[in-house]
Amino acid sequence: MIGTQLALIKREFWEHRSIYVTPAAIGVIVTLGVLAMLMLTSGFAKELDMVIFGAQNLAGDAERRAALTVFFAGTSWVFLVALMFLTVFYSLDSLYAERKDKSILFWRSLPVTDAETVISKLLTAAVVLPSITALGIWATHLVNLIVFSIWVSVQGGDAGVLIWGSVAILDNWLAALIVLVASGVWMSPFIAWFLFVSTWAKRMPFLMAFMPPIVLGLLEWIVFRTKYFLTVVGERGDMTPLFHGVSLERFFEEEQWRDGVENIGLLAHMDLIGFVTDPGFWSGLLVCGILTTAAIYVRRYRDES
């Protein structure tokens, strides 16, 4: 079973190069943006000298670590947004494309069941895509650290103190991996829905995936004057169970910043136990299982394939 899944996931890499091309492209764009920012700041020599002097001699390790953490968290969000779009388009295309080009007839000639095929695509969307994106984040962080080190050294600063002596690299990397994989699991009901639409839609799977929820929400509003369905769907995207007790608005207030600067690590603000024990976590897995089963059934008994 494990060997079959690994082979099927390898198939996804062959058929969908965007799995690894997209994180690589985002990493290049982020790095070019950092280089452009550094080139622009280099034109303010006097102000730059003051900033480097202050960061090296006046700011403490905690303040420098906080600044680098905020920067890396910001660049990681770019990857997270790209992952969201990549997951949607991959899930909607993965089972639809094989029916469109009739390659499903070839894959069905192999000793692989419909359940194994659909589950491999679910695992690819919910686990493999976030993991590959995490690798892209790690590589981009490392390249940017090297770029920052060279730039700081050229400007006369001590890169060992300002960069490598202050960055919480393991904290940032582990936090990025946890957030990405947790987001994939948390969003698994949506992924399973997209896979179901991909097996069922005869054309325009993107429209078929988003129109039913919108129409259902509008009907609920017209008939009952409530927005419960759209509220539940919308609120599932904020990942709050992973960050219980964290308020971004209060976090950036001066008092909160001063009090919490020593505890700036991202892992310290995560509540993995609360995330796993949250009712929404298990209800989401239940919905994911139901929709995945429906996708397997439709793929197995679809007449034209």
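Descriptive notes on the structure:
- Proximal charge balance of Lys121 [Cβ under 12 Å; K/R count +1, D/E count -1]: -4
- For Leu230, Leu122, order by how many other beta-carbon atoms lie within 10 Å, fewest first: Leu230, Leu122
- Arranged from fewest to most other beta-carbon atoms within 10 Å of their beta carbon, Val112, Val128 become Val112, Val128.
- The order of Glu116, Glu12, Glu98, Glu235, going from fewest to most other C-beta atoms within 10 Å of their C-beta, is Glu235, Glu116, Glu12, Glu98.
- Normalised by 2.2 N^0.38 Å, where N counts its residues, the alpha-carbon radius of gyration of the stretch 79-232 equals 1.46.
Read the figures in this text as sums done on the coordinates, not as results from a lab. Because the structure is predicted, anything quoted here is derived from the model rather than measured. For neighbour counting, all protein chains shown are included, and Cβ atoms are generated from backbone atoms with ideal geometry for every residue, glycine included.
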